[in-house]
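> Before anything else, here's the structure in question.
The values are calculated or read from the model by the stated rules, or taken from the named source; none is laboratory data. As the structure is a prediction and not an experimental result, all values here were calculated from the model. Cβ: placed from backbone, ideal geometry, glycine included. Neighbour counts: every protein chain shown.
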Amino acid sequence: MALIIDRNTTYRIPKNPASSIRHALEMVKRDHEQVFGAIPRLISAEDEQADVVVRYAVPEDRCPERPEAFSFRFVKDGGRTQLHIVAGDDLGLVYGMLEYSGKHLGVDPFWFWADLPPVRRSRVELPECDCDSKEPFVRFRGWFVNDEVCLIGWKDEYPPTGEVWQPVFEALLRCGGNMVIPGTDLPRHGVHADLAAEMGLWITHHHAEPLGAEMFLRAYEGKKASYQENPEMFEALWEEAIEKQKDRNIVWVLSFRGQGDQPFWIQDPAFDTPEKRGEMISRVVRKQYEMVRSKVTDPQCCVALYGEISELYKAGYISIPDDIIKVWADNGYGKMVSRRNGNENLRIPSLPGPADDGKHGIYYHVTFHDLQASNHLSLFPAPAKLITDEVMNSFRARAKDYVLVNSGNIRPHVYTLDLIRELWTRGEADTEEHLGSFVRRMFPSGSSEIAEMFRDYARRTIPYGPNEDDRAGDEFYHHPARQIVGHWLQGRSEHQDRRLYWATGIADFPEQVEWFRRTCADAVQGWRELKERIERLLPELAEPDRRRLKDHLLLHVELHLSGCEAFDALGRSYSAYLEGNYPLAFVYASQAMWNYRKGQVALQEAEHGKWAHFFRADWLTNIKSTVQNMDTLRRWLRMHGDSPDFFAWYKRFLMPETEKYIYLENTHRNPLSDDELAMRLADKFGV
């Protein structure tokens, strides 16, 4: 037997439903209309018959009693079969409704972000088979929507409105997530936290904003941000934050860092030993813990063991009560070791040891921003197996009570966020099986060749160091390039640029520039080949799949290829400059600018339809800034021999020999633009 769902299907929901259930119902209504072409009829009176009934469980349903569990029960009512979606709590009903939408209406968790609407149908048959939801492997599962400049700049309004946030929170719920940090240091009058709570998500906090409290220096301008000197001021902010949020589902973050997300002892240098620092952090965490417990019954609390706090904890200087979840962090590149700080890269393991009692979890990056080599606009640069290995190793080390994923701007990271979805749901994942499934969902008219292209993407990324996670993301081509141009034009070329040691090691500046040039030049051919393979496949795909492959793979390849070609040209420009060949240096600097501009064009081409302006706030990788740097460089180089009339290079290299000695200067004074001069000189020099 089967229950038929079609355009005439009716739905009944509880009277006076919670806000989270209302939001989920709106999703199901929209999904139903997308599939069947008609808005479903909603029934609220219990004496009316409905095909799909959403209600709270009663004992006879035998629904699992754990939080967030739901069941599907097929019920006979007057000779009519109904599907009852039942749960013991609001979030369970939300998950049940979204499971119905995903499993039976065919709505993908990332339908919005991947432009993957459900298939239109006239009817769907539901086998009459009762089932219970499986318990997720991880209790608290969520995203930190961090470095979210694309989401901020996508629409004109600031802070972002519900139009931006609703698809973020919907995707998270469809992935089985139940927790979110909704943005980074956004104005408190924004809708982000309120909407997340309305949709049923637990709210948690940035480790630099313990308890979600106002930053000290914002609240007390001109005061010293020292807990030692002004404890009552800090505690007033914490009290206010607790009072405001105490009636919501909160995973309270207990922490103590300095203002601006840095160690507190930078502003309070009296804490000059690890003993003093550890004692202060332990004291503050315990005070915050006591304050929360005085207002909230059985609160859920965690401490982020991030950066210096992790190091102090591992060294035994910090004590934390066992019922507080200790959250361990990866290094930003997917490896569960301490993050690189400038040139220091200690790679201290960042997982609980056998003697670390209590609850544990992880904070994990599938995207990162660090001004060095991270992936912000592009896909995770290492093979996806690194993610599965590291997360599953974390689970084996008992860090499985909490998983918070840095999700960035969502759209560029659909593949890896989908992989994490499987990991936090099941506790394990087969990377190859997941990739195959993901490709079939995203590209139904495609082939297994697309899966191989995703594998090749990770093979093509630049391995800039000895570790498996030392793979370059999009920021590798931009921040170091701008540092090099700045160092060069400031007249400091005789000195090493210490900011680049993390990549080049200790070397003279010309050697540093050449290291980046050679490293990028070596990768160009691989990226070109992958781009050509994708472009050859595109005509074979249906138009929606073609657009999707461009947005979710080709764009990323073009960001890497344009970056590699540009950095190669920048390095050649510096070499020509050292040789005193300023016209050639000018040409190469122009070519660097043109290649970086290809990255801008690639972003603009991905801004089709609803994605108009999505990348206009690219302020972190900031390709526009890199283009401007290259333009500044070539203008500066043109000063070396073509100034002041900006006609000398034209006369020397481009003017016909017969004209050089007979032309009248007063009739030949319109200098070529930088672009035209560079293109004609490039042809002349054969580069």
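> How many residues are closer than 21 Å to L554 by Cα and not in a loop (DSSP other than H, G, I, E, B) if we restrict to region 330-384? Let's see the steps before the verdict.
Quick first cut of region 330-384, residues closer than 21 Å to L554 by Cα only: 366-368, 373-384.
Narrowing further to those that are not in a loop (DSSP other than H, G, I, E, B): 384.
Adding up the residues that qualify gives 1.
> Which residues, counting only those in region 442-476, are part of a loop (DSSP other than H, G, I, E, B) and either under 29 Å from L500 (Cα atoms) or assigned by TED's automatic domain parsing to the domain that holds D618 (or both)?
So in region 442-476, the residues part of a loop (DSSP other than H, G, I, E, B) come out as 443-447, 461-462, 464-470, 472-473.
The answer is T461, I462, Y464, G465, P466, N467, E468, D469, D470, A472, G473.
> Quick one: which helices (runs of 4 or more DSSP H) sit completely within region 601-687 and have at least 3 residues that are out of contact with any Asp or Glu (no Cβ under 7 Å at 6 or more places or on another chain) and closer than 19 Å to A589 by Cβ?
623-638, 674-685
> Moving on to the next point. Looking only at region 305-328, which residues are modelled with pLDDT under 95 and either under 19 Å from the mean Cα position of the chain (by Cα) or not assigned by TED's automatic domain parsing to the domain that holds R277 (or both)?
Y306
> Would you tally the residues in region 352-373 being surrounded by fewer than 24 Cβ atoms within 10 Å (Cβ to Cβ) and under 11 Å from F476 (Cα atoms)?
Of the residues in region 352-373, 4 are surrounded by fewer than 24 Cβ atoms within 10 Å (Cβ to Cβ) and under 11 Å from F476 (Cα atoms).
> Working carefully through the options G473, G436, find the one that is out of contact with any Gly (no Cβ under 9 Å at 6 or more places or on another chain), at pLDDT 95 or above and surrounded by fewer than 19 Cβ atoms within 10 Å (Cβ to Cβ). Show your work before the answer.
Details: G473 fails: surrounded by fewer than 19 Cβ atoms within 10 Å (Cβ to Cβ).
Residue meeting the stated conditions: G436.
> Does region 490-506 contain at least one residue that is hydrophobic (A, V, I, L, M, F, W, C), assigned to a helix (DSSP H, G or I) and either in contact with a strand residue (DSSP E or B) (Cβ under 6 Å, 6 or more places away or on another chain) or farther than 28 Å from H556 by Cβ (or both)? Lay out the reasoning, then the answer.
Filtering region 490-506 for residues hydrophobic (A, V, I, L, M, F, W, C) gives 500, 502-503, 506.
Next cut, assigned to a helix (DSSP H, G or I) only: 500, 502-503.
Those left that are additionally either in contact with a strand residue (DSSP E or B) (Cβ under 6 Å, 6 or more places away or on another chain) or farther than 28 Å from H556 by Cβ (or both): none.
For region 490-506, residues hydrophobic (A, V, I, L, M, F, W, C), assigned to a helix (DSSP H, G or I) and either in contact with a strand residue (DSSP E or B) (Cβ under 6 Å, 6 or more places away or on another chain) or farther than 28 Å from H556 by Cβ (or both): absent.
> Now for a separate question. So H206 ticks every box in (1) under 25 Å from M179 (Cα atoms); (2) in contact with a Lys or Arg (Cβ under 9 Å, 6 or more places away or on another chain) but one. Which box is left unticked?
The single condition H206 does not satisfy is (2).
> Condition (residue is at pLDDT below 95, small (G, A, S) and over 21 Å from P167 (Cβ atoms)) applied to region 79-101: is it met by at least one residue?
Looking for residues that are at pLDDT below 95, small (G, A, S) and over 21 Å from P167 (Cβ atoms), one finds at least one in region 79-101, hence yes.
> Name every residue in region 237-261 that is under 24 Å from the mean Cα position of the chain (by Cα) and closer than 16 Å to R218 by Cα, in order of residue number.
R257, Q259, G260, D261
> Can you tell me how many residues within region 1-33 are among the charged types (D, E, K, R) and in contact (Cβ under 8 Å) with a residue 24 or more places away in the chain? Spell out how you get there, then give the answer.
Quick first cut of region 1-33, residues among the charged types (D, E, K, R) only: 6-7, 12, 15, 22, 26, 29-31, 33.
Now drop any that are not in contact (Cβ under 8 Å) with a residue 24 or more places away in the chain, which leaves 6-7, 12, 15, 31.
Going through region 1-33 one residue at a time, the tally reaches 5.
> Which one is farthest from the chain's Cα centre (by Cα), of the residues in region 104-130 that are within 18 Å of N178 (Cα to Cα) and of a type outside the set (A, V, I, L, M, F, W, C)?
Initially, region 104-130 is screened for residues within 18 Å of N178 (Cα to Cα), giving 108-110.
Still in the list and also of a type outside the set (A, V, I, L, M, F, W, C): 108-109.
On the way: D108: 19, P109: 17 Å.
Only one residue tops the list, namely D108.
> Given the options A585, A617, A592, name the one that is in the same structural domain as D474 (by TED's automatic domain parsing) and over 25 Å from G491 (Cα atoms). Spell out how you get there, then give the answer.
Working: A585 fails: over 25 Å from G491 (Cα atoms); A592 fails: over 25 Å from G491 (Cα atoms).
Going through A585, A617, A592 in turn, just one is in the same structural domain as D474 (by TED's automatic domain parsing) and over 25 Å from G491 (Cα atoms): A617.
> Of the residues that sit in region 249-290 and are in a loop (DSSP other than H, G, I, E, B) and charged (D, E, K, R), which one is surrounded by the most Cβ atoms within 10 Å (Cβ to Cβ)? Spell out how you get there, then give the answer.
First, the residues of region 249-290 that are in a loop (DSSP other than H, G, I, E, B): 249, 254-257, 259-261, 263, 267-273.
Still in the running and charged (D, E, K, R): 257, 261, 268, 272.
On the way: R257: 21, D261: 15, D268: 19, D272: 10.
Checking each candidate, the answer is R257.
> Against the definition (within 25 Å of the chain's Cα centre (by Cα) and touching a residue at least 12 places away in the same chain (Cβ under 8 Å)), how does W502 come out, yes or no?
Details: within 25 Å of the chain's Cα centre (by Cα): yes; touching a residue at least 12 places away in the same chain (Cβ under 8 Å): yes.
Yes.
> Scanning region 57-72 for residues that are acidic (D, E) and in contact (Cβ under 8 Å) with a residue 24 or more places away in the chain, which turns out farthest from E135 (Cα to Cα)? Walk me through how you get there before you give the answer.
First, the residues of region 57-72 that are acidic (D, E): 60-61, 65, 68.
Checking the rest, the ones that are also in contact (Cβ under 8 Å) with a residue 24 or more places away in the chain come to 61, 68.
On the way: D61: 17, E68: 9 Å.
Selected residue: D61.
> Checking the conditions here, which among A399, A458, A382 is in contact with a strand residue (DSSP E or B) (Cβ under 8 Å, 6 or more places away or on another chain), of a type in the set (G, A, S), touching a residue at least 60 places away in the same chain (Cβ under 8 Å) and more than 28 Å from H360 (Cβ to Cβ)?
On the way: A399 fails: more than 28 Å from H360 (Cβ to Cβ); A382 fails: more than 28 Å from H360 (Cβ to Cβ).
Result: A458 is the single residue among A399, A458, A382 that is in contact with a strand residue (DSSP E or B) (Cβ under 8 Å, 6 or more places away or on another chain), of a type in the set (G, A, S), touching a residue at least 60 places away in the same chain (Cβ under 8 Å) and more than 28 Å from H360 (Cβ to Cβ).
> A follow-up question, please. Criterion first (part of a loop (DSSP other than H, G, I, E, B), at pLDDT 95 or above and surrounded by fewer than 20 Cβ atoms within 10 Å (Cβ to Cβ)) does G526 satisfy it?
no
> Here's something else I'd like to know. With respect to the numbered conditions (1) under 17 Å from T9 (Cβ atoms); (2) surrounded by fewer than 17 Cβ atoms within 10 Å (Cβ to Cβ), which one is the sole condition not fulfilled by Y56?
So the condition that Y56 fails would be (1).
A quick yes/no check of all residues on (1) surrounded by fewer than 19 Cβ atoms within 10 Å (Cβ to Cβ); (2) not assigned by TED's automatic domain parsing to the domain that holds V28:
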{"residue": "K103", "(1), (2)": "yes, no"}
{"residue": "F112", "(1), (2)": "no, no"}
{"residue": "R120", "(1), (2)": "yes, no"}
{"residue": "E125", "(1), (2)": "yes, no"}
{"residue": "P159", "(1), (2)": "yes, yes"}
{"residue": "V168", "(1), (2)": "no, yes"}
{"residue": "R174", "(1), (2)": "no, yes"}
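> Quick one: is R536 surrounded by fewer than 17 Cβ atoms within 10 Å (Cβ to Cβ), closer than 21 Å to M453 by Cα and in the same structural domain as N595 (by TED's automatic domain parsing)?
Numbers: surrounded by fewer than 17 Cβ atoms within 10 Å (Cβ to Cβ): yes; closer than 21 Å to M453 by Cα: yes; in the same structural domain as N595 (by TED's automatic domain parsing): yes.
Judged against the criteria, R536 is a match.
> Is it true that some residue in region 641-658 is surrounded by fewer than 17 Cβ atoms within 10 Å (Cβ to Cβ), free of Cβ contacts under 8 Å to residues at least 12 places away in the same chain and of a type in the set (S, T, Y)?
yes
One line per residue, one yes/no per condition, for (1) surrounded by fewer than 24 Cβ atoms within 10 Å (Cβ to Cβ); (2) within 24 Å of E532 (Cα to Cα); (3) in contact with a Gly (Cβ under 8 Å, 6 or more places away or on another chain):
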residue: D551; (1), (2), (3): yes, yes, no
residue: L559; (1), (2), (3): no, yes, yes
residue: G563; (1), (2), (3): no, yes, yes
residue: F567; (1), (2), (3): no, yes, no
residue: S575; (1), (2), (3): yes, no, no
residue: E579; (1), (2), (3): yes, no, no
residue: P583; (1), (2), (3): yes, no, yes
residue: Y588; (1), (2), (3): no, no, no
residue: W594; (1), (2), (3): yes, yes, no
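> Let me ask something else. Take I4 and decide whether it is loosely packed, with under 15 Cβ neighbours inside 10 Å, at pLDDT 95 or above, closer than 20 Å to V107 by Cα and in contact with a strand residue (DSSP E or B) (Cβ under 8 Å, 6 or more places away or on another chain).
Values: loosely packed, with under 15 Cβ neighbours inside 10 Å: yes; at pLDDT 95 or above: yes; closer than 20 Å to V107 by Cα: yes; in contact with a strand residue (DSSP E or B) (Cβ under 8 Å, 6 or more places away or on another chain): yes.
Spelling it out, I4 is indeed loosely packed, with under 15 Cβ neighbours inside 10 Å, at pLDDT 95 or above, closer than 20 Å to V107 by Cα and in contact with a strand residue (DSSP E or B) (Cβ under 8 Å, 6 or more places away or on another chain).
> What strands (runs of 3 or more DSSP E) completely inside region 1-86 contain at least 2 residues that are within 25 Å of R120 (Cβ to Cβ)?
Values: elements: 2-6, 10-12, 41-43, 52-56, 70-77.
Those strands (runs of 3 or more DSSP E) span 2-6, 10-12, 41-43, 52-56.
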